[in-house]
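In what follows, a structure is listed as C-alpha cells, so that the remarks can point back to it.
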Amino acid sequence: MNKDDQKLGFGTRAVHAGNEIDKETGAIRRPITMANSYELPYDPSDLNWSSAGKNIYTRNGGSNQQYLQEKLASLENGEDCIVLASGVGALSGLFFALLQSGDHIIFSSVTYIAVYRLLNELLNNKFGVETSLVDTSDLDAVRAAIRPNTKLIHIESPSNPTIGITDIRAVSEIARHHGVLLSVDNTFASPYNQRPIELGADFSVESLTKYINGHGDAMGGAIIGKKEHLDIIRSQSQVNLGAAISPFNAWLIMRGAVTLPLRMRQHSESALQIARFLQGIKGVRFVSYPGLESHPGHAIAKSQMEHGYGGVLSFGLLGDHDTHNRFVSHLQIITSAVSLGHDESLIVFIGEQDERQYLYPPEFHEGFFRFSVGLEDTVDIIGDLKQAFQKENLF
C-alpha cells in the first residue's frame, strides 16, 4: 500500500499502511528484525556514520521503525514521521533539534510533567532557551506572548491532566502569521479523533505508549511533520541523542495500531457515558471531559475532534485527601496506576502537593483523579465506581 494514499479510510490505513508481504518468507505480516547492525555496501568508506533513516545501525534507523513510521505518517496525514523510544524522547528530540540558546518558546500552562520540566527548568536553566507558560485556550494571551525571537509554540489538546482544550486552528493561524512553528501533543486524542497537521500544525507528537499501542506493553514516541524539519530532528536527535526505539517495541506498536479506530471508538463512547454518570453523583465536586456540554472547551473540541473526545477524564470528590485515597482502595475493576490508553481502566490520584497546582483551574486545587477509561463493559466500570461511592457515602 502507498503510504500517501489518503483516499482510503482511516480503518483501512490502520490495517494496511506500513505493512507488505515479506519477500523472503511470504509472510503477510512484517517480521520482527531483531538486529542492531546491517550489512554494509562493498565500499563503506564514504558512508556518513551519523546519517539517519538508513539500515546501518539501529540507532540510525531500523526496518521495524521504518514500517511503523509509514503507518503513522499515513494515519496523521503527515509528510514524514520519526519514531523514538518514548513520548518524552520524541518531545525532547523535537525541542533539542529546533531550539537553541536565545530562542523563545511558548507552551501550554497545563502540560505533561516532563514538558513542564524540560521547558520551564532544563532547557531554560541549562541552555538559555527563553520560555513562556501561557493559557493557550486564551488566544489573546498567545498573541501577547509572542516575541521577535519566538521560534515555537507547543500545545496540548486535550491537556494533561486537567483535560483542557485549545483551538488548534486558531493558534496555527497566529503562529503562521508570525512565522512561528507549532507543535501539538496529540496523545490524549490520538489520530483517530484529531489530526493536528490537518488543523494547521507543523508537528503532531504522540506518545505511542498510550492509545496507539493500546495494550500497556510497549513504549514509543512519534513526531509527524514535514520532511525538511524531520530530517534535522533525525540527524540531531535520533542519532546523536540515541533515543532509538527497539525493533520489538516498534513491532508491538505496529500490531496495536491496527485496532486503534475500534478501540478509540469504545474508549470515547464509554468515557462520555461515565462522565455523564459522574455529573449526577452528589459526592463529585467536578467533572472535566470535553464531551460534556458543561466543559468550557466543548464547542471547540466538537469542531476539531472528528469521532469522539477520547477516553480520559478528570474528576474530584467532595472530601479530603484521605477520602480520595480510600475511594481508590475500594475499586475492584479499575486499577490504580499511571499511564493511559490501556485496555484496562486506570486511575491516579493527583494530590494537593502537585508542583503545577498553581497553573490548574481552581476546582483542581483540592486534589483530583485522572481517569483513563478502558475497554471493559461500560456498565461494569460504572458499577465499580458506584460501589466505591457507596462505601464512602458519596452516592
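For the stretch 345-371, which positions are over 14 Å from residue 285 (Cβ atoms), assigned to a helix (DSSP H, G or I) and out of contact with any helix residue (DSSP H, G or I) (no Cβ under 8 Å at 6 or more places or on another chain)? Matches in the stretch 345-371: 358, 359. Just one of the listed residues (273, 266) is over 21 Å from the mean Cα position of the chain (by Cα), of a type in the set (S, T, N, Q) and either part of a helix (DSSP H, G or I) or buried (at least 23 other Cβ atoms within 10 Å of the Cβ) (or both), and it is 273.
Restricting the first member to the stretch 202-217 and to residues that are without any contact (Cβ under 8 Å) to a residue 40 or more places away in the chain and closer than 30 Å to residue 178 by Cβ, and the second to residues that are assigned to a strand (DSSP E or B) and of a type outside the set (Val, Ile, Thr), the beta-carbon pairs closer than 7 Å and six or more apart or on different chains are 202/181; 202/182; 202/183; 202/225.
Scan the stretch 60-73 and give yes if some residue there is at pLDDT below 95, on the phi > 0 side of the Ramachandran plot, under 24 Å from the mean Cα position of the chain (by Cα) and in the same structural domain as residue 249 (by TED's automatic domain parsing), otherwise no. Within the stretch 60-73 (the criterion being at pLDDT below 95, on the phi > 0 side of the Ramachandran plot, under 24 Å from the mean Cα position of the chain (by Cα) and in the same structural domain as residue 249 (by TED's automatic domain parsing)), the answer is yes, since at least one residue qualifies.
Taken over the stretch 228-263, the criterion of being in contact with a helix residue (DSSP H, G or I) (Cβ under 9 Å, 6 or more places away or on another chain), assigned to a helix (DSSP H, G or I) and among the β-branched types (Val, Ile, Thr) is satisfied by 232, 233, 253. Among the residues of the stretch 358-375, the ones that are more than 11 Å from residue 313 (Cα to Cα) and either assigned by TED's automatic domain parsing to the domain that holds residue 116 or in contact (Cβ under 8 Å) with a residue 60 or more places away in the chain (or both) come to 8 in all.
Scan the stretch 181-202 for residues that are out of contact with any helix residue (DSSP H, G or I) (no Cβ under 8 Å at 6 or more places or on another chain) and surrounded by fewer than 24 Cβ atoms within 10 Å (Cβ to Cβ) and the total you get is 1.
Residue pairs whose Cβ atoms lie under 7 Å apart, separated by 6 or more positions or on different chains, with the first residue in the stretch 49-69 and of a type in the set (A, V, I, L, M) and the second assigned to a loop (DSSP other than H, G, I, E, B), are 52/60; 52/61; 56/38; 56/47; 68/18. Residue 107 meets the stated requirement of being buried (at least 20 other Cβ atoms within 10 Å of the Cβ), over 30 Å from residue 13 (Cα atoms) and among the hydrophobic types (A, V, I, L, M, F, W, C). Filtered by the rule that a residue be over 30 Å from the mean Cα position of the chain (by Cα) and either assigned to a loop (DSSP other than H, G, I, E, B) or at pLDDT 90 or above (or both), the stretch 44-59 gives 47, 48, 49.
Among the residues of the stretch 324-370, those that are modelled with pLDDT of 95 or more, of a type in the set (Ser, Thr, Tyr) and surrounded by 16 or more Cβ atoms within 10 Å (Cβ to Cβ) comprise 335, 345.
The residue list 296, 290 contains one member that is within 16 Å of residue 162 (Cβ to Cβ), surrounded by fewer than 21 Cβ atoms within 10 Å (Cβ to Cβ) and at pLDDT 95 or above, which is 296. Set side by side, the residues 121, 156, 130 differ, and just one is acidic (Asp, Glu) and more than 22 Å from the chain's Cα centre (by Cα), which is 130.
Does any residue of the stretch 27-43 turn out to be closer than 21 Å to residue 259 by Cα, part of a helix (DSSP H, G or I) and touching a helix residue (DSSP H, G or I) at 6+ places or on another chain (Cβ under 9 Å)? Taking every residue of the stretch 27-43 in turn, none turns out to be closer than 21 Å to residue 259 by Cα, part of a helix (DSSP H, G or I) and touching a helix residue (DSSP H, G or I) at 6+ places or on another chain (Cβ under 9 Å).
When 126, 226 are checked against the criterion of being in contact (Cβ under 8 Å) with a residue 24 or more places away in the chain and surrounded by fewer than 20 Cβ atoms within 10 Å (Cβ to Cβ), a single residue qualifies: 226.
The values are calculated or read from the model by the stated rules, or taken from the named source; none is laboratory data. What you see is a predicted model; the values in this text were computed from it and never measured. No Cβ is skipped: glycine too gets one built from the backbone with ideal geometry, and neighbour counts run over all protein chains shown.
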